[in-house]
Number of protein chains: 4
Amino acid sequence: MKKVNVALIGYKFMGRAHSNAWRQATSFFDVPVAPALKVICGRDEAGVRDVAARFGWQEHATDWEEVVRRDDIDVVDICTPGDTHLPIALAAAEAGKVILCEKPLANNVADAERMLEAVRAGGCLHMLCHNYRRVPAVALAKRLIDEGRIGEPRHYRGTYLQDWLVRPDVPRVWRLEKARAGSGALGDILSHSADLARYLVGEITEVCGMLETFVTERPAPEGGRLLPVEVDDAALTLVRFEGGAVGSIEATRFATGRRNYNRFEINGSLGSLSFNMERMNELELYTEEGPESGFKTILATDPSHPYMEGWWPPGHIIGYEHTFTHTVLDLLRAIADGRQPKPDFEDGVRAQKILDAVERASLSRAWESVQGIGDGGSI
Amino acid sequence: MKKVNVALIGYKFMGRAHSNAWRQATSFFDVPVAPALKVICGRDEAGVRDVAARFGWQEHATDWEEVVRRDDIDVVDICTPGDTHLPIALAAAEAGKVILCEKPLANNVADAERMLEAVRAGGCLHMLCHNYRRVPAVALAKRLIDEGRIGEPRHYRGTYLQDWLVRPDVPRVWRLEKARAGSGALGDILSHSADLARYLVGEITEVCGMLETFVTERPAPEGGRLLPVEVDDAALTLVRFEGGAVGSIEATRFATGRRNYNRFEINGSLGSLSFNMERMNELELYTEEGPESGFKTILATDPSHPYMEGWWPPGHIIGYEHTFTHTVLDLLRAIADGRQPKPDFEDGVRAQKILDAVERASLSRAWESVQGIGDGGSI
Amino acid sequence: MKKVNVALIGYKFMGRAHSNAWRQATSFFDVPVAPALKVICGRDEAGVRDVAARFGWQEHATDWEEVVRRDDIDVVDICTPGDTHLPIALAAAEAGKVILCEKPLANNVADAERMLEAVRAGGCLHMLCHNYRRVPAVALAKRLIDEGRIGEPRHYRGTYLQDWLVRPDVPRVWRLEKARAGSGALGDILSHSADLARYLVGEITEVCGMLETFVTERPAPEGGRLLPVEVDDAALTLVRFEGGAVGSIEATRFATGRRNYNRFEINGSLGSLSFNMERMNELELYTEEGPESGFKTILATDPSHPYMEGWWPPGHIIGYEHTFTHTVLDLLRAIADGRQPKPDFEDGVRAQKILDAVERASLSRAWESVQGIGDGGSI
Amino acid sequence: MKKVNVALIGYKFMGRAHSNAWRQATSFFDVPVAPALKVICGRDEAGVRDVAARFGWQEHATDWEEVVRRDDIDVVDICTPGDTHLPIALAAAEAGKVILCEKPLANNVADAERMLEAVRAGGCLHMLCHNYRRVPAVALAKRLIDEGRIGEPRHYRGTYLQDWLVRPDVPRVWRLEKARAGSGALGDILSHSADLARYLVGEITEVCGMLETFVTERPAPEGGRLLPVEVDDAALTLVRFEGGAVGSIEATRFATGRRNYNRFEINGSLGSLSFNMERMNELELYTEEGPESGFKTILATDPSHPYMEGWWPPGHIIGYEHTFTHTVLDLLRAIADGRQPKPDFEDGVRAQKILDAVERASLSRAWESVQGIGDGGSI
């Protein structure tokens, strides 16, 4: 079997999730290409060494520039904060690697576009990691929509609710710095809900909305003085889709009691679907069946459901990190076939343009078009 | 005990609900004023006679102008379509009656303001029937908010979803005519969610949003030709509240599978509340309790819950029409005390101004202020 | 239209529920026979007078023997404690009345059999009020089973959970006296779940089980001394059905937090059904549909659902007391047609035989046959 | 750090789950003893080689007798069908290994007792794998009970529902052979629910119940002729606990639509708990809090919840196989401390005695004592 050597840049939350995914893909699925966990890279040597040992990386390193240029590396997986995606991706593209990049692709449209140009120029396979597309219940939703089970979509209602910033004494971590994170709830989690909207309903053409910061100063992580919160605590938008559907997408870190409530509901002309990541093994489906009509809770754990052939008998649920395993699996399949996986950097650019339109709408206090969609432009 | 004679104008959906309420209030509660079901009035003599007989109205009539001026009538209850509220209320106000009026108060701000002026001029007690305030679980939510249990509200998320217009062959009934209904989902159901927002969170200062009509022509009720749909099928808004909270309110008649899904969620600095009218006996409450934290489903059927002292033992749920019974009960209590019940025509004017702002925002494609709120104006 | 004069014996919890039902049936349904609320009867004159006034009974009385013999009474509705059902029913049967009797029919099998003989001898129409059969969602379950939607039933799982006796300081009310109540959770609520089992699955042939009293002494209602609790706090049984299905039925007043949790689940060879009275407008249905299989929540509020043609638009839920209205409606229809309604006193005898078998099994600590079922006997 | 070499016997469903667990424990937790995946053993060389490669076992083997006697093996993990537990455990005990054994410990009490004697004689640490004790929500339930949050337990209501045998054309696999599986739903899944009962409520002293086989013949796995089903499709029991609580435990493979519905509810004098494995990240808790009382859904994914410090941020759920990882983690901790982990072979014997009592009760059609509990006997 063909083998690919993987280099992972980043070793924290996403670094752990991807490490696990690279390893589990082979354990639970019949992969067409065998990934070797070659090297994991991070700035803190002690930290990265520990993660390397835990997940069986053959090597660890601290200099990403050296790593991404190594001849023995085939795949570069980027799991660092958003402001570093650009240089890493440019270098990896120049070196002709297959690139998997965490979302959001970049912190602004211009950077995202440069990255897309680079991978195109480098002839690389490129993939954006929007792991929620790989939840079996979400992939099942996609299949049902494609089969026409809910007819023409009319409404998308996305809410990604978290609550980790509710207390004003939560420190001003890097995710609250504009330079590093780009934005707040907008780029971190609204981006997920917007990606699901695009995946399941279609392109978003225009938006209105607002960005809100409820707590404007927070203690420095190291204690002591207060630092300004530079990004949004909450982002609320209304959207229009190319196909005529309308929607709302909201993301907040101030929804007390909602830990990771990434929920959507789609109402179509023939039926509806809803999903909530906190019960990620379940998909709710409504179709018209006369007096027997009702929302049905499909426990998406049967072998007939997407990705579930690899796991356990029906009714044995899976967890969050499996979405990354499925992402890696699909990337390996794409590598084997020599075709571009989805979502890719083009999706990353489109996603960034939506976030950009939300930011513009928040300032103009009016509807704003999403660049390049429905205005004759192209990506 | 003091008695009041009631005249009910209208005998269809709302007329039946109010008829039942006037009768049940006395059966299940200790009312301080005894209502007599004196006369029910409607244009169709056979129809109104039937309803009169079913609910024990002493008389029925077809001429509302005569009825509202009768000396033996103390209370006029208006349950007709929105375009007739104005003349009936003006006449009742002139005659000095206590007035209960179904929502929306009128089909536009100007009419609503005339009605408010009239009841003030007439020195009448006046009440707007926003029955959902009288759901025990909703009244409990209000009590918990007032007690500070969820802290300072940050988010209001209201969705009123119905699906009776999904099929394109549903006829073009009066609710789809602008002249009679004023608007579509906006006035009919978004108004309910906006009222709950005002009741539970506070005044709305500005809105952006859109009105959407998915199916623009429908068959005439009597069959045959297609008639234009003149009102919105769906209304989506984002809102800002006086106190700093932000929110979204959506109403649609195109949410396939959602029959009467009037749901809200409020996230505060200390906790959250959520409610869904399809499970109207339940209120969900989250407060921070360390490792034991979670959303709790309060079955609001204990005697300690609002209005439940009149009904059955704990766990025996009540239905939709009881909300009207509670409304009538509160009106009778207000009459006994000689004080103004809530919500009243002033709330009706404020509600209408919100709907008006949504219509303006839909046209201007930008944020619009709600008249008279936060701009130094007053009602 | 034919009219019947109704006499109601009892005016407390069940008396109020039946009073309301007799009145609401006419208000919301097209009844084929018009009931007049002629006289309500109770021992406490002040109490019964109050209820009479609240619900519009033409007269009130304190001597049931006189009432049930009145020539102008057509229907006798018995809502008193179980130990009084026998004499009232015998008198009413002798007088040739139509009889509606609250469950359990009697406090023991012998009394129940005497009552059945009496109504047969008197040629009376007789009905037992097991109101939960008239929940629209339950009637829908019955219809689906009869249509074969879940195939051959295999499992019935009934739990009727309440919690009003959890605190040891709850007084020793009449429901805890053997002479008056007959039994505890067994006769009061297990009887409901057993009736639903018979209604939906079929006859029960044998049982094993236990009766348990957790708190054996409680304060007298008037305060002061402790009195013995003479009945069961909880009753647990396993059962076998004639058709080969097996089941468990449990009733308790010690399920902390469960107010009126009357739930059942039925698993058949082709599908399953489940229901919970605390969400009485919902029925859950599972049928095999490949990757789209799941439990579906049917909101049983559409006009196509049993009894719902009388109430509100889809999605507007109804409450507990509506089940009595439907019972009265069905009795009126049976009267109009001159046929025996169901369940009737024969069902009452069968139900009593199940309770009797549970008591015997509790003592013998072994399986016991239900008399007259499956052993060649007949009722 | 101390290291232990692990030998895993069995490589199918449980073999995969345990392989994963041995590896993931180190990846996600700070283990005090480092397990080396030394050798995996199975009869089918090709099959076991594949699993060895997928999970990183250093070696694979086909002769368990040789493996368990190897000097370089410290831990023997037994994941084979029940009838083989005895010889493997005896050999491993003789060789002085730490033993982890899948449940049920054996196919009958005598075998289980021999195994317990053997590990005692060998001075081995021994552990029984009842993985559901290691669900974070279940461990949280245990903690809450131990803290007295629900008071004295009164009711345990356990149902373990599956549906994989509903269709009569499902083959007669080894799990339906008495010689290999010992029993059907009884040993396979009722044993889980009984273990949770013992873990959370206490020892079971007596049982009554029934075993039922709905489909008595099934096609041979290799096709063709029908073979007899020798074990129970469903097992239903009522139980009494040492502390005065009562309960019901039911297990079935015929609950259409229930894939792996391992649910329990415990009602105590102060509160209640409920849990369902299909939503294994959630625990429902009720405690009395006046008008704010209600069942609360605790999403057991916070770092304050058992085992969750190793995984993801709050709200990111985990799956079925994580329970094995936690089991292995606890075994490693016990090895480090030189103390006996729980549950152990003594629990296995007690569990087997419960199953034995159910089988006796099924035959005697009467209540049967659980051997050695409450009758002065001892294990």
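Projected area of region D:2-132, taken from the Cα convex hull and averaged over every viewing direction, in nm²?
Projected area, direction-averaged: 7.6 nm².
With a 10 Å Cβ neighbour count serving as the proxy for reagent exposure, in which order, fewest first, do C:Arg350, D:Arg54, A:Arg167, B:Arg339 appear?
B:Arg339, A:Arg167, D:Arg54, C:Arg350
Taking a label point 7 Å from Cα toward Cβ, how far is D:Arg339 from its twins in the other copies, in nm, shortest first?
Copy-to-copy label distances for D:Arg339: 5.7, 6.2, 7.1 nm.
Diagonalise the Cα gyration tensor of region B:159-217 and give the resulting equivalent ellipsoid semi-axes, square root of 5 times each eigenvalue, largest first, whole Å.
25, 12, 11
Would you mind checking A:Lys12/A:Lys296; B:Lys3/B:Lys342; C:Lys12/C:Lys142; B:Lys296/D:Lys103 for any pair whose Cα atoms are more than 27 angstrom apart?
Pairs exceeding the cut-off: A:Lys12/A:Lys296; C:Lys12/C:Lys142; B:Lys296/D:Lys103.
Which ordering of B:Met115, D:Met210 is given by a fewest-first count of other beta-carbon atoms within 10 Å?
With the sparsest Cβ surroundings first, the list reads D:Met210, B:Met115.
Once label points are set 7 Å from the Cα along Cα→Cβ at both D:Glu230 and B:Glu147, what is their separation, rounded to one decimal in nm?
Computed distance between label sites D:Glu230 and B:Glu147 equals 6.2 nm.
If each DSSP helix of 4+ residues adds -39,500 (n - 2.57) and the sum is divided by the residues in chain A, what number results at 222 nm, nearest 500 deg cm²/dmol?
Calculated mean residue ellipticity at 222 nm is -9500 deg cm²/dmol.
How large is the charge dipole for region A:225-272, taken about the Cα centre, if only the Cβ atoms of Lys, Arg (+1) and Asp, Glu (-1) carry charge, to the nearest 20 debye?
Its charge dipole is roughly 240 debye.
Take the eigenvalues of the Cα gyration tensor for region A:17-57, scale each by 5, and report the square roots as semi-axes in whole Å, largest first.
The three semi-axes for region A:17-57 are 23, 9, 7 Å.
Which whole-Hz ³J(HN,Hα) couplings does region B:62-68 yield from phi under the Karplus relation 6.51 cos²θ - 1.76 cosθ + 1.60, θ = phi - 60°, glycine and proline marked x?
Once rounded to whole Hz, the list reads 10, 10, 5, 4, 5, 4, 5.
In nm, one decimal, shortest first: how far is the label point of C:Glu117 (7 Å from Cα along Cα to beta carbon) from the matching points in the other copies?
6.4, 8.2, 10.2
Using unit Cβ charges (K, R positive; D, E negative) and no other charged atoms, how large, in debye to the nearest 20, is the dipole of the protein assembly as shown about its Cα centre?
Result for the protein assembly as shown is approximately 0 debye, rounded to the nearest 20.
Which of C:Thr84, D:Thr216, D:Thr325, B:Thr252 has the fewest other C-beta atoms within 10 Å, and how do the rest follow up to the most?
By the 10 Å Cβ count, ascending, the order reads D:Thr216, C:Thr84, D:Thr325, B:Thr252.
Starting from the Cα gyration tensor of region C:256-379, multiply each eigenvalue by 5, take the square root, and state the resulting semi-axes largest first in whole Å.
31, 24, 16
Let me know the charge dipole size of chain A about its Cα centre in debye, to the nearest 20, where only the beta-carbon of Lys, Arg (+1) and Asp, Glu (-1) is charged.
440 debye
Is the shape of the protein assembly as shown best called rounded, prolate or oblate, per the rule: a/c under 1.5 gives rounded, else a/b larger than b/c gives prolate, else oblate, with a ≥ b ≥ c the square roots of the Cα gyration tensor eigenvalues?
Note, shape of the protein assembly as shown comes out oblate.
Apply the Karplus curve 6.51 cos²θ - 1.76 cosθ + 1.60, θ = phi - 60°, to the phi angles in region C:108-124 and return the couplings in whole Hz, x for Gly and Pro.
Result, ordered by residue: 7, 5, 4, 4, 4, 5, 4, 5, 5, 4, 5, 5, 5, 4, x, x, 8 Hz.
Choose one of B:Ile189, B:Val246, B:Val231: the residue whose Cα lies farthest towards the positive end of the charge dipole of region B:186-268 (beta-carbon charges +1 Lys, Arg; -1 Asp, Glu; about the Cα centre).
Working it through, the farthest residue towards the positive pole turns out to be B:Ile189.
Rounded if a/c is under 1.5, else prolate if a/b beats b/c, else oblate: with a ≥ b ≥ c from the C-alpha gyration tensor eigenvalues square-rooted, which is region C:114-169?
Oblate, since a/c reaches 1.5 and b/c is not below a/b.
From the phi of every residue in region B:168-181, what ³J(HN,Hα) in whole Hz does the Karplus formula 6.51 cos²θ - 1.76 cosθ + 1.60 yield, where θ is phi - 60° and glycine or proline is x?
x, 8, 5, x, 7, 6, 4, 5, 9, 9, 5, 4, 8, 9
Cut-off under 16 Å on the C-alpha distance; same-chain residues fewer than 8 positions from D:Lys38 excluded. Which aspartates and glutamates are left, in chain and number order?
D:Asp50, D:Glu59, D:Asp63, D:Glu65, D:Glu66, D:Asp71, D:Asp72, D:Asp74, D:Asp77
Positive end of the charge dipole of region C:252-379 (Lys, Arg +1 and Asp, Glu -1 on Cβ, about the Cα centre): tell me which of C:Thr327, C:Phe345, C:Ile298 has its Cα farthest that way.
Projecting each Cα onto the dipole axis, the largest value belongs to C:Phe345.
So if we plug the beta-carbon distance of B:Ser364 and A:Asp169 into 1/(1 + (r/R0)^6) with R0 = 41 Å, what FRET efficiency do we get, rounded to 0.05?
So the FRET efficiency works out to roughly 0.50.
For chain B, what's the radius of gyration and Dmax over Cα atoms, in angstrom?
20.5, 65
Any read-out appearing in this document is the output of simple, stated calculations on the displayed coordinates, not a laboratory observation. Only a predicted model underlies this, so the values are computations on that prediction, with no experimental measurement involved. All Cβ positions, glycine included, derive from the backbone under ideal geometry; neighbour counts span all protein chains shown.
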